[in-house]
1. Could you tell me which residue of the range 300-315 is least open to solvent (accessible area, probe 1.4 Å), considering only residues that are more than 15 Å from THR331 (Cβ to Cβ) and assigned to a strand (DSSP E or B)?
2. Identify, from the list GLY177, GLY204, the residue that is farther than 19 Å from LYS275 by Cα and surrounded by fewer than 13 Cβ atoms within 10 Å (Cβ to Cβ).
3. For the range 363-392, which positions are surrounded by 17 or more Cβ atoms within 10 Å (Cβ to Cβ), in a helix (DSSP H, G or I) and more than 12 Å from the ligand (Cβ to nearest atom)?
4. Test GLY336 against the stated conditions and say whether it is in contact (Cβ under 8 Å) with a residue 40 or more places away in the chain, near the ligand (Cβ under 10 Å from one of its atoms) and farther than 20 Å from LEU190 by Cβ.
5. How many residues, within the range 288-299, are in contact with a His (Cβ under 7 Å, 6 or more places away or on another chain) and either open to solvent by 20 Å² or more (accessible area, probe 1.4 Å) or near the ligand (Cβ under 10 Å from one of its atoms) (or both)?
6. Checking ASP189 against (1) under 22 Å from the mean Cα position of the chain (by Cα); (2) more than 16 Å from the ligand (Cβ to nearest atom): exactly one of these is not met. Which one?
7. Which condition number does LYS396 fail, the rest of (1) in contact with a helix residue (DSSP H, G or I) (Cβ under 6 Å, 6 or more places away or on another chain); (2) farther than 30 Å from THR221 by Cβ; (3) open to solvent by 20 Å² or more (accessible area, probe 1.4 Å) being met?
8. Please determine, by comparing only the residues of the range 215-225 that are within 11 Å of the ligand (Cβ to nearest atom) and touching a helix residue (DSSP H, G or I) at 6+ places or on another chain (Cβ under 7 Å), which one is nearest to ALA152 (Cα to Cα).
Amino acid sequence: MAKVVCVLYDDPVTGYPKKYARDDIPKITKYPDGQTAPTPSAIDFNPGELLGSVSGELGLRKFLEKAGHTLVVTSDKDGANSRLDKELPDAEIVISQPFWPAYMTRERIEKAKNLKLIVTAGIGSDHTDLQAAMDKGVTVAEVTYCNSISVAEHIVMMILALVRNYIPSYGWVIKGGWNIADCVERSYDLEGMNVGTVAAGRIGLAALRRLKPFGVKLHYTDKHRLSKEVEKELDLTFHPDVESLVKVCDVVTINAPLHPETEHMFNDRLISKMKRGSYIVNTARGKICDRDAIVRALESGQLAGYAGDVWFPQPAPKDHPWRTMPHHGMTPHISGSSLSAQARYAAGVREILEAYFAKKPIRTEYLVVDKGKLAGVGAHSYTAGDATKGSEEAAKFKKEKVKA
Ligand code: NDP
């Protein structure tokens with residue numbers, strides 16, 4: 001029987017909700033490319049409830065224990081003597097979410113002698129050293145498409161929030177002011193601007209489609225070109241490289257996975273090629289941007305705004321400069337963990353586990369690493385290597401918990 005270790009974010013500091021804001025969520029059965037939403041044999045949770053925090057247990061306990069497996073759920077994942085480290089030596093499966101990632105470094109993978117499967121309850125498996133997983137024959141899977149639309153919605157929200165100066169204006173209301181000039185001195189219309197995405201995969205393309213009705217000029221760069229029909233439908237300009245894209249765009253949204261090729265792509269050099277006063281929205285991964293280069297560009301005015309929900313490491317220490325840099329619209333990593341998305345990724349994890357225990361193939365589109373090499377979505381969108389370096393800094397957060 002397998003031991004499953006599941007790392008989830010903490011419960012709400014105000015306690016688990018007694019009543020939810022809404023009574024139901026729409027039922028999504030298919031994604032825009034025709035792929036079906038997760039199809040486990042059953043679920044043991046109510047869609048629309050909080051599943052991603054410790055008490056929610058991704059709705060897995062009944063299913064796993066009924067089959068005789070052991071489930072350990074913890075949020076304690078960083079630093080020496082974390083619960084995760086203590087549970088690893090005999091764990092067969094490790095599950096975690098990108099929002100509160102269990103950094104599966106080579107050291108941890110080597111320590112977990114029994115490890116067969118690492119599941120990302122969400123999308124983006126850069127918190128696992130993929131090279132080490134390949135070397136050790138560990139399968140890595142994620143729930144492809146489960147929250148791509150959730151993120152695309154967040155991107156549109158953040159672009160509008162930055163360009164229209166929404167967050168500071170909201171701040172004036174809370175402070176009791178009516179400071180219209182203070183609010184509008186940095187407020188523009190999105191209409192007519194050039195907006196580009198770095199990568200037009202599931203999220204990038206969904207963001208482009210949602211932005212089209214704003215009357216903007218759309219651009220993209222990607223390793224593979226989209227079809228002629230899609231380029232025509234959205235009147236897209238393709239750029240062969242990121243530099244060519246950023247030179248002409250007013251707003252750039254980053255939607256590529258983090259892998260050795262994209263790590264620190266947005267550094268001082270690339271940012272200096274952007275138009276003065278550009279905006280960046282990065283909901284992909286914090287490490288795609290050079291942390292201090294972003295701060296410098298906001299301070300100098302080279303960037304007019306930066307928003308996103310992804311940081312490195314996660315959770316970000318209290319003194320992370322992105323918490324206090326000017327003109328930012330950062331949130332914690334939440335875009336892909338709406339209650340709607342949680343229902344899909346919890347069901348997707350169950351689907352993956354059902355396949356694994358029944359010794360049936362896991363859906364190809366969910367695979368990142370399998371049989372010692374990149375597979376499925378991993379083979380398409382990632383390059384081999386390790387992007388976990390520096391993750392030990394996440395332990396700093398543990399000592400500085402914030403009150404409600
Ligand atoms: P997809 O795999 O559908 O798309 C990724 C795209 O990135 C692919 O089109 C791929 O190109 C392209 N790409 C890879 N490397 C490069 C590069 N060097 N330059 C340009 N394009 C590149 O993934 P999703 O759209 O679903 O997700 C993208 C990322 O967003 C995830 O990997 C994850 O990091 C992040 N994410 C964030 C979430 C959040 O909550 N904030 C939630 C979900 C995802 P090709 O396939 O053509 O080779």
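The values are calculated or read from the model by the stated rules, or taken from the named source; none is laboratory data. Given the structure is predicted, the values throughout are model-derived calculations rather than measurements. Cβ coordinates were reconstructed from backbone atoms using ideal geometry, including for glycine residues, and neighbour counts include every protein chain displayed. These area figures cover heavy atoms from the full protein model, side chains too; ligands, DNA and RNA do not enter into them. Shrake-Rupley method; radii C 1.70, N 1.55, O 1.52, S 1.80 Å.
1. LEU303
2. GLY177
3. SER391
4. yes
5. 1
6. With (1) under 22 Å from the mean Cα position of the chain (by Cα); (2) more than 16 Å from the ligand (Cβ to nearest atom) applied to ASP189, the lone miss is (1).
7. Going through the list (1) in contact with a helix residue (DSSP H, G or I) (Cβ under 6 Å, 6 or more places away or on another chain); (2) farther than 30 Å from THR221 by Cβ; (3) open to solvent by 20 Å² or more (accessible area, probe 1.4 Å), LYS396 breaks only (1).
8. My answer is TYR220.
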